[in-house]
1. What whole-number distance in Å separates the alpha-carbon centres of segment A:200-228 and segment A:53-96?
2. When you look at the Cβ of every residue in A:101-110, what mean number of other chain Cβ atoms sits within 10 Å?
3. Determine, for each peptide in B:73-80, A:36-43, the mean count of other beta carbons within 10 angstrom over its residues, then list the peptides with the highest first.
4. Let me confirm one metric for peptide A:142-150, namely the mean number of other chain beta-carbon atoms within 10 Å of its residues' beta-carbons.
5. Can you tell me how segment A:165-230 classifies by the Cα gyration tensor, rounded, prolate or oblate, using a/c under 1.5 as the rounded cut?
6. Per residue of the protein assembly as shown, what 222 nm ellipticity follows from adding -39500 (n - 2.57) for every DSSP H run with n ≥ 4, rounded to the nearest 500?
7. Within 10 Å of each Cβ in B:5-15, how many Cβ atoms from other chains are there, averaged over the peptide?
8. Considering all alpha-carbon pairs of the protein assembly as shown, what whole percent are spaced by more than 26 angstrom?
């Protein structure tokens, strides 16, 4: 399976994502330049973390208009898997691939820390190798990660099982203290209505080896392999 | 076609948590400005553009706000009258 990792000016996790795919999964990966108009036959697209276009105007607002995003939108519309990680999540929201938006952290500070998320839906193409309610240790690193959406959208996400990851404490409880950025309902990751676009603030590609402190992110990528192969 | 200058105020949507505004409010109150009840921090954008008339210029900037300058989920915008520049 071929993963296409998009590099925007200011992306800084593209290399990590590339290595997670090639070294950990043993699958093929290719870098896709933001000015290109070709996904080069990629089966899965990764919008990586970073500070595309310096976060000018709003995080993700300008990257959304990069030429390659037209192809990414078409890929997503056709049911192709897309993962937006951190800045990639912000870009996916700005591009309308996912509902809602990511705003400045409630406490105004940049947070770089390992946090815990609970798997809220283990029946998506990105989470089928996790257990329901399993607690994962994955790092976050962001200043604009507070997920917000209108009440009716939040209701829709919750009722359709599209909240995939939620910030929790060590015991798995959803608490205000476990919420690192003030996200509505502790939301850390969501999927699109079609289930093929995942956006999340935590960095699974940085939790891919015991050397990195956690391997909990590996099964996210492996889940896609099982689903697409099946 | 003439050149116009159109200014836009973009503010956090009412009712949404505005941590920047709250931080500035706290600082002002600490400074002794006890009358301060609320503060909101937004952006001020100035667009210079060619248009047939002021109305057309304002319409164009409204379109720009809807498509890029403001986030429809989290922000409100207000356009000032276009002035020849």
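1. 21 Å
2. On the way: counts 7, 3, 11, 7, 1, 4, 2, 4, 1, 0.
That works out to 4 on average.
3. On the way: B:73-80: 17.5, A:36-43: 14.8.
Ranking the peptides B:73-80, A:36-43 by packing returns B:73-80, A:36-43.
4. Details: counts 0, 0, 0, 0, 4, 0, 6, 2, 4.
For peptide A:142-150, the averaged partner shielding equals 2.
5. Working: a/c = 2.45, a/b = 1.29, b/c = 1.89.
The shape class here is oblate.
6. On the way: 7 runs with 68 residues, N = 315.
One gets -6500 deg cm²/dmol as the mean residue ellipticity at 222 nm.
7. Details: counts 0, 0, 0, 0, 0, 2, 0, 2, 4, 0, 0.
If you average over the peptide's residues, the count of other-chain Cβ atoms is 1.
8. Numbers: 24016 of 49455 pairs.
Every Cα pair in the protein assembly as shown considered, those over 26 Å come to 49 percent.
We did not get these values from a lab; they are worked out from the coordinates using the rules stated. Computed from a prediction, not measured in an experiment: that's the story for all the values here. Glycine also receives a Cβ, built like all others from the backbone with ideal geometry; neighbour counts cover every protein chain displayed.
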